[in-house]
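These notes concern the structure reproduced below.
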Amino acid sequence: MDYATHNPNGKIWIFWTKDVNCTILENEEQLITCEINHVMRPNQFITTFVYDKCKDHLRRTLWDSILQQSTIPFPWCTLGDFNIITDPEEKLGGFMYNMRKRLEFISTIEASGLQDLGFIGQKYTWCNQRGIMSRIWKRLDRGMANNRWLETMPLTSITHLPSMGSDHYPLLLEMVDQHHNPIKYFKFLNCWPEHPSFIELVKNYWSGHIEGNPIWIFHKKMKRLATTLSDWSRNQFGDIYAKVKEYEEAVRQAEENMINMNSNDNRSKFHTINAEYNRYMKIEDPILRQKSQLHWFKEGDMNFSYFYVLIRGRRKRLYIYRIQNDEGSWVKGDAEIVEAACNYCQQIFTGEEKYIQQQDLQCITPIVTD
């Protein structure tokens with residue numbers, strides 16, 4: 001590591017390389033808050049590293065600091081040793097945990113808009129390392145993030161690594177921008193049947209001869225027809241995604257100009273921009289309307305025949321990055337997720353060899369014959 005820093009009491013140390021630009025925003029006895037920029041992600045994000053006090057009354061200053069930082073308008077994640085659990089299942093061994101201690105912590109999490117990132121690996125992050133009869137495990141370490149973080153880096157994960165000489169288990173926080181090998185699904189566009197050559201194309205292709213049983217024939221025809229329609233669409237309509245981006249950028253710019261030009265001394269410019277905005281909103285191309293998510297609806301009670309609604313938002317790929325098993329642990333990786341899902345479905349859909357005690361049914365009037 002090329003750089004390092006620590007908090008006043010030396011309980012928290014942070015190391016980083018030259019690939020990371022780290023700016024310390026807050027440095028206290030129980031936390032260090034950093035603004036981080038990485039060469040792989042130029043946009044800034046905020047991370048708070050925590051080492052909480054053991055006494056309840058000493059933690060309140062940390063809760064206050066977290067509440068203040070929750071107003072940060074950037075992706076924000078907090079990670080570290082909070083010295084407290086949120087659920088009885090996060091402790092194993094010893095006396096029953098006094099759950100009243102968690103109330104302030106849970107209230108702070110909810111008020112700050114933080115969400116637990118879950119974990120992959122073994123369930124607990126701390127052990128008192130005593131004899132087997134006196135041993136206690138707890139999940140004292142965790143990572144939490146706000147909505148902006150989850151929207152920017154939805155594939156964030158935390159792994160509980162094996163303990164190496166410490167009573168705490170290391171936490172590995174991994175941030176992935178996107179899945180490198182996404183599955184490309186076939187998408188049927190509503191405007192295709194309106195094209196003069198569509199019906200004839202499907203009819204000619206579907207009448208082709210394929211050997212096999214009916215299900216196999218149906219499967220092969222559907223698969224090949226999807227590829228044929230995709231190629232046909234590119235030849236007929238061109239690169240629709242590039243056109244969509246062009247129109248969406250024009251709409252975004254027109255909206256931004258409308259917001260900036262709403263004062264009385266700029267009414268002439270405002271009308272010009274408004275006309276430009278309406279021109280882009282009334283896209284005639286049906287394929288662009290569908291792909292850019294521009295929809296129109298009839299409204300009988302309105303003075304206008306149609307009004308346009310622009311549904312804006314960041315496009316997301318549906319991808320299962322991790323799932324939680326029955327033990328509460330997070331499973332990551334395509335093969336592991338498939339195995340966990342199959343095991344779960346096999347368990348709930350597999351019958352047990354249980355026999356009905358006939359004497360228990362004597363009080364019920366028989367209706368169904370043998």
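The values are calculated or read from the model by the stated rules, or taken from the named source; none is laboratory data. Bear in mind that the values here come from a model prediction, so they are computed numbers and not experimental data. Counting neighbours? That spans all protein chains shown, and the Cβs are built from the backbone with ideal geometry, glycine included. Quick note on the areas: whole protein, heavy atoms, side chains included, nothing else; ligands and nucleic acids left out. Shrake-Rupley method; radii C 1.70, N 1.55, O 1.52, S 1.80 Å.
Heads up, I need the accessible area for Leu67: 1.4 angstrom probe, whole protein in place, Å², nearest 10.
In the full protein context, Leu67 sits at about 70 Å².
Keeping all protein chains in place, calculate the accessible area per residue for the stretch 115-241 (probe 1.4 angstrom), answer in Å².
Details: 8070 Å² over 127 residues.
So the stretch 115-241 comes to 64 Å² accessible per residue, rounded to a whole number.
In debye, nearest 20, what is the charge dipole magnitude of the stretch 44-194 about its Cα centre with +1 on Lys and Arg Cβ and -1 on Asp and Glu Cβ, if you could check?
That gives the stretch 44-194 a dipole magnitude of about 520 debye.
For the stretch 1-88, which trypsin sites (Lys or Arg not before Pro) are in a loop by DSSP, counting at most 13 other Cβ atoms within 10 Å?
Hits after loop and neighbour filter: Lys18, Lys55.
Could you please report the charge total around Leu79, scoring K, R as +1 and D, E as -1 over all other residues with beta-carbon less than 10 angstrom from its beta-carbon? Please report the intermediate quantities before stating the final value.
Numbers: positive: Arg142; negative: Asp81, Asp141.
That works out to -1.
Dipole of the stretch 1-130, Cα-centred, from +1 at each Lys and Arg C-beta and -1 at each Asp and Glu C-beta, to the nearest 20 debye? The partial results should precede the final answer.
On the way: 13 positive and 16 negative charges, 81 e Å.
Charge dipole, the stretch 1-130, about its Cα centre: 400 debye, nearest 20.
Counting only protein heavy atoms and a 1.4 Å probe, tell me what percentage of the stretch 1-157's accessible area is made up of carbon and sulfur.
Exposed carbon and sulfur together represent 54 percent of the surface.
Arrange the residues Lys354, Lys223, Lys332 by how much accessible surface each exposes, largest first, with a 1.4 angstrom probe.
Working: Lys354 160, Lys223 125, Lys332 60 Å².
Order by accessible area, largest first: Lys354, Lys223, Lys332.
Of the DSSP beta bridges with both residues in the stretch 14-141, give the percent that are antiparallel, rounding to the nearest 5.
Values: 19 of 25 bridges.
The antiparallel fraction comes to roughly 75 percent.
What distance in nm separates the simple spin-label points at Thr17 and Arg234, each placed 7 Å from Cα in the Cβ direction?
Each label point lies 7 Å from its Cα, and together they span 3.7 nm.
Only sites in a loop by DSSP and with at most 13 other Cβ atoms within 10 Å count here; which chymotrypsin sites (Phe, Trp or Tyr not before Pro) in the stretch 133-239 make the cut?
Numbers: sites: Trp137, Trp149, Tyr185, Phe186, Phe188, Phe198, Tyr205, Trp206, Trp216, Phe218, Trp232, Phe237; in loops: Tyr185, Phe186, Phe188.
Answer in residue order: Tyr185, Phe186, Phe188.
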